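> Okay, here's the structure, questions in a sec.
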């Protein structure tokens, strides 16, 4: 436990700095608060602030706070009680001789599920007899379970006061919600001029000759307002500029550097960023003034697919929301959205996949494995997609499927357009399946939308709770991991140059209980250093059974098409022409009998959305496929 009341001062660069209290809530057991700290609640005992870790926070299953050390928490999820006024109070502090004191702290205030109110910070100068609000969290943080940092000035009323306390107030509005987590509390008299470089914002990948904006993410952790910053970004050549800003104490700002980052060739560059002056003078604490960012230029641009892996289960009554969102995204963005349902606790569970995804709040999702444990809805999925689909990526991902019967081979490839040193990329394949059904009770879908009390949800409001297995069809179901959750080690070389092509062959046997015509191979390029999905490609497994189109002189034209497409082939018998989207859904099918000789069959496609489709000409014993692009 570190719970220090301090009266010492440091002298640095002519600016006084005094730290009064610091608390990280470590070394405690049984939920106890540090000595001198107190809590009060509308539900005393079970509704108080306690200490614990992320596992304790998520004991109820709906508050998966990002893992870390111990922290203080008001755990509304576990209590499920009236927590409309829960407080965490510091010990009394003596500010004699001090002025401009601030408190900094880390917090999680996701405001999920219940209509909980943003947390507040209050201060007292009379031993807790009266309290004054000094901060109300005003950021829309709903669904964000990551830790954030906040600085709050305690106000002029505390200058020189001898009996000061600070408290955090949580209010669930009298309903069930998640909670509030507090950690790393520091009460201090700050340096007058102190800018903290919290991050460097720069696109990781951009085309050669692109003008990329580099921004310094700056927090004012000093006592004075910051009106100017001298910022240098350095790639071996210094780029120093003075930028006018207006950042109040405790506030943050994104500060664009006037000099864009640009290179004429495909390179990899480490860019160092430093705040070298604040308000025209020396920063009181230069230890927090430096950062860096990696930057790569691309010899050519490639499309990116956005992959959302949704944690779901038939036992989860809110999970129909995820199924509805998935169906919307696949139909709206068929080319560059890939959805996979990662099942938990039901007959469709793949344990390795469920454990690897690590989703603990259901429905929840991972977006490109870069955004983890996110909330699920149609609007959120679309926002995730829009934020990421235009991101630059270092490689194009592709693949082919071959084989016959139940034996399938997936040849995965990644073509790189930039050099990279020290990279640890890996190829992997996820097998998914649409149209999954079952007869056991484990396939009954819990449905909290039944009856419409929670609003419309894609028709689930008109179904029972649970929905019987006989009425359920599950799509996008993750069936197998080839290469493991983290990808196949050694499938991509460690040294990558512009033009490097990595290839790896995966094998899969389709179980007799699955329908290969409804299955897909999702080829993933993974960054093992971060765990993120860099790019992906979805391929129908049915392509493995495609016969050589030259055998019937098959041709599809025009291709790309907009209004009509002609399917040309040599016929001898009965044929079915089917068009399916890349999710395996049939969008057009027509049967033709007793055909003979050269055929030129026109099919209208004006109603199809832009994207890639499979045109299949099937006859007894064979199927011939061509990819069709609709503009």
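> Within the bounds of region 454-462, is there any residue that is modelled with pLDDT of 95 or more, touching a strand residue (DSSP E or B) at 6+ places or on another chain (Cβ under 9 Å), outside any strand (DSSP E or B) and surrounded by fewer than 19 Cβ atoms within 10 Å (Cβ to Cβ)?
Checked region 454-462: no residue is modelled with pLDDT of 95 or more, touching a strand residue (DSSP E or B) at 6+ places or on another chain (Cβ under 9 Å), outside any strand (DSSP E or B) and surrounded by fewer than 19 Cβ atoms within 10 Å (Cβ to Cβ).
> Conditions first: (1) in a loop (DSSP other than H, G, I, E, B); (2) more than 26 Å from residue 250 (Cα to Cα). Residue 97 passes all but one, so which condition is the exception?
(2)
> Given the criterion in contact with a helix residue (DSSP H, G or I) (Cβ under 8 Å, 6 or more places away or on another chain) and in the same structural domain as residue 501 (by TED's automatic domain parsing), identify the matching residue among 333, 353.
333
> Just a yes or no: is a residue in region 71-80 part of a loop (DSSP other than H, G, I, E, B), modelled with pLDDT under 95 and within 29 Å of the chain's Cα centre (by Cα)?
Restricting attention to region 71-80, the residues satisfying the condition of being part of a loop (DSSP other than H, G, I, E, B) are 80.
Subset that is modelled with pLDDT under 95: 80.
Checking the rest, the ones that are also within 29 Å of the chain's Cα centre (by Cα) come to 80.
Within region 71-80, one or more residues are part of a loop (DSSP other than H, G, I, E, B), modelled with pLDDT under 95 and within 29 Å of the chain's Cα centre (by Cα).
> Restricting to region 393-419, and then to whatever is at pLDDT 95 or above and not in a strand (DSSP E or B), can you tell me which residue is surrounded by the most Cβ atoms within 10 Å (Cβ to Cβ)?
394
> Mind listing just one residue for me: the one in region 446-474 that is touching a helix residue (DSSP H, G or I) at 6+ places or on another chain (Cβ under 7 Å) and touching a residue at least 24 places away in the same chain (Cβ under 8 Å) and, of those, farthest from residue 425 (Cα to Cα)?
465
> With the condition kept exactly as written, say whether any residue in region 322-329 is surrounded by 22 or more Cβ atoms within 10 Å (Cβ to Cβ), in the same structural domain as residue 430 (by TED's automatic domain parsing), touching a strand residue (DSSP E or B) at 6+ places or on another chain (Cβ under 7 Å) and part of a strand (DSSP E or B).
Within region 322-329, not a single residue is surrounded by 22 or more Cβ atoms within 10 Å (Cβ to Cβ), in the same structural domain as residue 430 (by TED's automatic domain parsing), touching a strand residue (DSSP E or B) at 6+ places or on another chain (Cβ under 7 Å) and part of a strand (DSSP E or B).
> Of (1) more than 27 Å from residue 26 (Cα to Cα); (2) not in a strand (DSSP E or B), residue 133 satisfies all except one. Which?
For residue 133, the failing item is (2).
> Please determine, by comparing only the residues of region 477-515 that are within 26 Å of residue 319 (Cα to Cα) and modelled with pLDDT under 95, which one is surrounded by the most Cβ atoms within 10 Å (Cβ to Cβ).
514
> If you don't mind, another one. State all residues of region 192-218 that are more than 16 Å from residue 276 (Cβ to Cβ) and more than 24 Å from the chain's Cα centre (by Cα); if no residue qualifies, say none.
Across region 192-218, the qualifying residues are 192, 207, 208, 209, 210, 211.
> Restricting attention to region 59-69, and to residues there that are under 24 Å from residue 85 (Cβ atoms) and touching a residue at least 24 places away in the same chain (Cβ under 8 Å), which single residue is nearest to the chain's Cα centre (by Cα)? Walk me through it before giving the result.
Our first condition is that a residue be under 24 Å from residue 85 (Cβ atoms); within region 59-69, this holds for 59-60, 62-63, 65.
Keeping just the survivors that are touching a residue at least 24 places away in the same chain (Cβ under 8 Å) gives 62-63, 65.
Numbers: 62: 17, 63: 16, 65: 14 Å.
The residue in question is 65.
> Can you tell me which of 291, 280, 284 is over 16 Å from residue 199 (Cα atoms) and buried (at least 16 other Cβ atoms within 10 Å of the Cβ)?
Going through 291, 280, 284 in turn, just one is over 16 Å from residue 199 (Cα atoms) and buried (at least 16 other Cβ atoms within 10 Å of the Cβ): 284.
> Shifting gears a bit: Inside region 159-190, can you point out the residues that are over 32 Å from the mean Cα position of the chain (by Cα) and buried (at least 24 other Cβ atoms within 10 Å of the Cβ)?
The answer is 164, 166, 187, 190.
> Only one of (1) outside the structural domain of residue 92 (by TED's automatic domain parsing); (2) crowded, with 20+ Cβ neighbours inside 10 Å; (3) over 24 Å from the mean Cα position of the chain (by Cα) fails for residue 238. Which number is that?
Condition (2) is where residue 238 drops out.
> Then there's this: For region 584-598, indicate whether the set of residues that are closer than 30 Å to residue 392 by Cα, touching a helix residue (DSSP H, G or I) at 6+ places or on another chain (Cβ under 6 Å), buried (at least 18 other Cβ atoms within 10 Å of the Cβ) and not assigned by TED's automatic domain parsing to the domain that holds residue 434 is non-empty.
Yes: region 584-598 contains one or more residues that are closer than 30 Å to residue 392 by Cα, touching a helix residue (DSSP H, G or I) at 6+ places or on another chain (Cβ under 6 Å), buried (at least 18 other Cβ atoms within 10 Å of the Cβ) and not assigned by TED's automatic domain parsing to the domain that holds residue 434.
> Continuing with this model, one more query. Based on this model, can you work out whether residue 98 counts as farther than 22 Å from residue 364 by Cα and either more than 32 Å from the chain's Cα centre (by Cα) or not assigned by TED's automatic domain parsing to the domain that holds residue 178 (or both)?
Answer is yes for this residue.
> Right, residue 84: surrounded by fewer than 20 Cβ atoms within 10 Å (Cβ to Cβ), within 25 Å of the chain's Cα centre (by Cα), farther than 22 Å from residue 365 by Cα and at pLDDT below 95 or not?
For residue 84, the condition - surrounded by fewer than 20 Cβ atoms within 10 Å (Cβ to Cβ), within 25 Å of the chain's Cα centre (by Cα), farther than 22 Å from residue 365 by Cα and at pLDDT below 95 - is not met.
> Using the structure shown, decide if residue 221 is surrounded by 18 or more Cβ atoms within 10 Å (Cβ to Cβ) and either in contact with a strand residue (DSSP E or B) (Cβ under 6 Å, 6 or more places away or on another chain) or without any contact (Cβ under 8 Å) to a residue 60 or more places away in the chain (or both).
Details: surrounded by 18 or more Cβ atoms within 10 Å (Cβ to Cβ): yes; either in contact with a strand residue (DSSP E or B) (Cβ under 6 Å, 6 or more places away or on another chain) or without any contact (Cβ under 8 Å) to a residue 60 or more places away in the chain (or both): yes.
When the stated conditions are applied, residue 221 passes them.
> Return the total of residues in region 22-39 being under 18 Å from residue 104 (Cα atoms) and more than 33 Å from the chain's Cα centre (by Cα).
So in region 22-39, the residues under 18 Å from residue 104 (Cα atoms) come out as 22-26, 34, 37.
If we keep only those that are more than 33 Å from the chain's Cα centre (by Cα) as well, we get 34, 37.
The number of residues fulfilling the criteria is 2.
> Also, I was wondering about something else. Starting from region 510-534, keep only residues that are within 16 Å of residue 429 (Cα to Cα) and not assigned by TED's automatic domain parsing to the domain that holds residue 415, then list their pairs with residues that are crowded, with 16+ Cβ neighbours inside 10 Å and modelled with pLDDT of 95 or more whose Cβ atoms are within a distance under 6 Å, requiring at least 6 positions of separation or different chains.
none
The values are calculated or read from the model by the stated rules, or taken from the named source; none is laboratory data. Here the structure is a predicted model, which means the values were calculated and not measured. Note that we place each Cβ from the backbone using ideal geometry, even for glycine, and neighbour counts take in every protein chain shown.
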